[in-house]
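I have placed the structure first, in the form of structure tokens, so that the comments after it can refer back to it.
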Amino acid sequence: MITEEDVLKSIEDVVDPEVQASIVEMNLVDEINVGTDGSVNVKFHLTTPFCPAQFAYSIALDIKDRVSAIPDVKKVTVVVKDHFLSNEINAAVNGPDWKPEETDAEKSPQSTN
């Protein structure tokens, strides 16, 4: 069974390129939901709502790639919150059909941060 700790461990080395510090250490990870079906939803924010879009996208994609590598993870949704281009970044990372209210892990949460 995938745990919130597994997810945090997988992303502990994801670094904000502007400040060169871990997003986990800076408490930028707001919520982790693990579904019983192997889906994982990670919500995070950045140090500023005007963080350069390429950095925001890079961080979100890095989170998605690392969480996807956890054994038994079937689907990963990564949501950046409170950024001026949140919708565009989230759609780019999660696919054009992404809708904020329709993430599998949110429908059946196992754990919450």
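Points to keep in mind about this one:
- Residues of region 1-35 satisfying the condition of being open to solvent by 60 Å² or more (accessible area, probe 1.4 Å) and over 18 Å from residue 56 (Cα atoms): 1, 5, 6, 9
- When residue 84 is tested against (1) modelled with pLDDT of 95 or more; (2) open to solvent by 80 Å² or more (accessible area, probe 1.4 Å); (3) under 19 Å from residue 51 (Cα atoms), only condition (1) is not met.
- Members of region 36-57 that are open to solvent by less than 60 Å² (accessible area, probe 1.4 Å), under 18 Å from residue 76 (Cα atoms) and outside any loop (DSSP other than H, G, I, E, B): 39, 40, 41, 42, 43, 44, 45, 56
The values are calculated or read from the model by the stated rules, or taken from the named source; none is laboratory data. It should be emphasised that the depicted structure is a prediction, and the values quoted were computed from it without experimental measurement. Ligands, DNA and RNA are stripped out before the accessible areas are found, and what is left, the full protein with its side chains, is counted by its heavy atoms. Shrake-Rupley method; radii C 1.70, N 1.55, O 1.52, S 1.80 Å.
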